[in-house]
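Engineer: Got a structure here, written out as structure tokens. Questions coming.
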Amino acid sequence: MGLGSVMGVARIGLQVQPGPFLPPAPGAASQEAVALPANMPPPVVRYVGIVLGDRVPVVGSVALTGRGRLRVSGVSFLARWRFTYTAGRDYRHEIECTWFGTPILRVNEIYRDGHLRQELPVGVVANEPKADQAANLALWGEQLFWLPSGVVTDPRVRWEAIDATRARLIVPFGPTEDSFTVTFDEGTGLIRRVEALRYKSPTDAAKTPWLIDALAWRSFNGIRLPSAFSVTWQDEGTPWLEMTVEDVANNVDVSSSFGASGP
């Protein structure tokens, strides 16, 4: 087999869709709801009314599964993924990059108690303060989409108005704080983009603009959430992660997930 044929086979393998992760066990419906805090910026009030309604359901945890693409060292792999969160506290990212539908590269990333551990194809990242800061931003930026009740009712969080379509979200990070700029679509009122300054690696001297874009929305368990999204480092110009959400389970028992190693 010549080089051209080998490259052709390799390209075909990168186009074979993997099977999804098994969805998590169904969670419990939210039995408790609270009122939206007062004095929030108008675009935030409008957004919460659209996705949650007049009363904010209390959601303590969420587990999502889906498929999409992850770019690694310039190669775009089809992938399947599972993200798990406890509101305002922890997350786990599990991503499997595939070839001919078979996992060949795995990412297992756990942020818990303010510290990140990443098991990557190139090694393990742990005990790195800049990685912890980056993970804290991932926690809050992603939960703004998939655990919106926690982000608007957590007493450690506050919002500041910018203009008619933007607001600043300020979140805790240990004894300090960090922030996002949240842009809302003028027509739909839904979030269009979340952006923050974030370290790309533990050795970076400066932070890089990090962008999450919501690409489509649908209702899961009575809450309107993004069903497709992308994540971009601004200096790279194009998304390195593009994902579709296939299943969402609220108020699930996620304790075993944070004690596991690997998918």
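We did not get these values from a lab; they are worked out from the coordinates using the rules stated. A quick note: this is a predicted structure, and the numbers were derived from the prediction, not measured. Because the Cβ atoms are built from the backbone with ideal geometry, glycine has one as well, and the counts that use them run over all protein chains shown.
Engineer: Quick check: the angle from helix 129-146's long axis to the longest principal axis of the chain, C-alpha only, nearest 10 degrees?
Structural biologist: Roughly 70 degrees, rounded to the nearest 10.
Engineer: Here is a further query. Projected onto the charge dipole of the range 60-126 (+1 at Lys/Arg Cβ, -1 at Asp/Glu Cβ, origin at the Cα centre), which of Y85, G66, Y111 gives the Cα projection farthest towards the positive end?
Structural biologist: Selected residue: G66.
Engineer: Have a look at V51, A138, P23 and report the one farthest towards the positive end of the charge dipole of the chain, computed about the Cα centre with Cβ charges (Lys/Arg +1, Asp/Glu -1).
Structural biologist: Result: P23, furthest along the dipole toward the positive end.
Engineer: Please report the Cα spread of the chain along all three principal axes, rounded to whole Å, starting with the longest.
Structural biologist: Each principal axis gives a Cα extent; for the chain these are 68, 42, 39 Å.
Engineer: For the range 8-111, report the translational diffusion coefficient in µm²/s to the nearest whole number, using Stokes-Einstein at 10 °C, 1.306 mPa s, and a Kirkwood Rh over Cα pairs.
Structural biologist: Value of D from the Cα-based Kirkwood radius: 96 µm²/s.
Engineer: Order the peptides 174-181, 51-58, 146-153 from the highest to the lowest mean number of other Cβ atoms within 10 Å of their residues.
Structural biologist: Per-residue mean Cβ counts within 10 Å order the peptides as 146-153, 51-58, 174-181.
Engineer: Moving to a separate point now. For a footprinting-style exposure proxy, rank E32, E246 by other Cβ within 10 Å, fewest first.
Structural biologist: Taking fewest neighbouring Cβ atoms as first place, the list is E32, E246.
Engineer: Going by the alpha-carbon gyration tensor, a ≥ b ≥ c the square roots of its eigenvalues, is the range 199-263 rounded (a/c under 1.5) or, if a/c is not under 1.5, prolate (a/b greater than b/c) versus oblate?
Structural biologist: oblate
Engineer: Let me ask you something else. How high is the relative contact order of the chain, in percent, counting Cα pairs under 8 Å that sit 6 or more residues apart?
Structural biologist: Numbers: 581 pairs, mean separation 56.1, N = 263.
About 21 percent, as a whole number.
Engineer: Compute the distance from the alpha-carbon center of the range 185-228 to that of the range 239-255, in whole Å.
Structural biologist: 14
Engineer: Calculated from DSSP H runs of 4 or more alone, at -39500 (n - 2.57) each and per residue, what is the 222 nm mean residue ellipticity of the chain, nearest 500?
Structural biologist: That calculation yields -5500 deg cm²/dmol at 222 nm.
Engineer: Work out the charge dipole of the range 74-227 with +1 on the Cβ of Lys and Arg and -1 on the Cβ of Asp and Glu about the Cα centre, then indicate which of I170, V122, A205 is farthest towards its positive end.
Structural biologist: It is V122.
Engineer: Taking square-rooted eigenvalues a ≥ b ≥ c of the alpha carbon gyration tensor, is the range 107-263 rounded, prolate or oblate, where a/c under 1.5 means rounded and, failing that, a/b exceeding b/c means prolate? Walk me through the numbers on the way to the answer.
Structural biologist: Numbers: a/c = 1.42, a/b = 1.21, b/c = 1.18.
Judged from the Cα gyration tensor, the range 107-263 comes out rounded (a/c under 1.5).
Engineer: Which whole-Hz couplings ³J(HN,Hα) result when phi for each residue of the range 213-219 is put into the Karplus expression 6.51 cos²θ - 1.76 cosθ + 1.60, θ = phi - 60°, listed in order with x for Gly and Pro?
Structural biologist: For the range 213-219, the Karplus curve yields 10, 7, 9, 7, 9, 7, 8 Hz.
Engineer: Same structure again: What are the residues whose amide H is under 5 Å from the amide H of A228, where those residues sit 5 or more places off or on another chain and H is modelled from the backbone?
Structural biologist: L215, A216, V245
Engineer: Which angle between 0 and 90 degrees, to the nearest 10, do you get for helix 3-13 versus the longest principal axis of the chain when only C-alpha atoms count?
Structural biologist: 30
Engineer: D for the range 169-223, whole µm²/s, Stokes-Einstein with Kirkwood Rh over alpha-carbon pairs at 25 °C and 0.890 mPa s: what number?
Structural biologist: It diffuses with D of about 182 µm²/s by this estimate.
Engineer: Using Cβ counts within 10 Å as a stand-in for footprinting exposure, how do E119, E242 rank, fewest first? Provide the component values of the computation, followed by the final result.
Structural biologist: Values: E119 16, E242 19.
So the residues, fewest neighbours to most, are E119, E242.
Engineer: What's the magnitude of the charge dipole for the range 211-263 around its Cα centre, counting Lys and Arg as +1 and Asp and Glu as -1 at the beta-carbon? Answer in Debye, nearest 20.
Structural biologist: 240
Engineer: Sort the following peptides by mean Cβ neighbour count (other Cβ atoms within 10 Å, averaged over residues), highest first: 78-91, 160-173, 124-137.
Structural biologist: Numbers: 78-91: 21.6, 160-173: 15.6, 124-137: 18.4.
The most tightly packed comes first, giving 78-91, 124-137, 160-173.
Engineer: Turning to a different aspect of this structure: Can you tell me how the range 96-154 classifies by the Cα gyration tensor, rounded, prolate or oblate, using a/c under 1.5 as the rounded cut?
Structural biologist: oblate
Engineer: Compute the helix-to-body angle for 42-51: its Cα long axis versus the longest principal axis of the chain, expressed 0 to 90° and rounded to tens.
Structural biologist: So the inclination is approximately 70 degrees.
Engineer: How big, on average over all directions, is the shadow cast by the Cα convex hull of the range 153-245, in nm²?
Structural biologist: 7.8
Engineer: Using the Cα centre of the chain as the reference point, and only Cβ charges (+1 on K/R, -1 on D/E), how large is the resulting charge dipole? Debye, rounded to the nearest 20.
Structural biologist: Using only the charged Cβ atoms, the result is roughly 320 debye.
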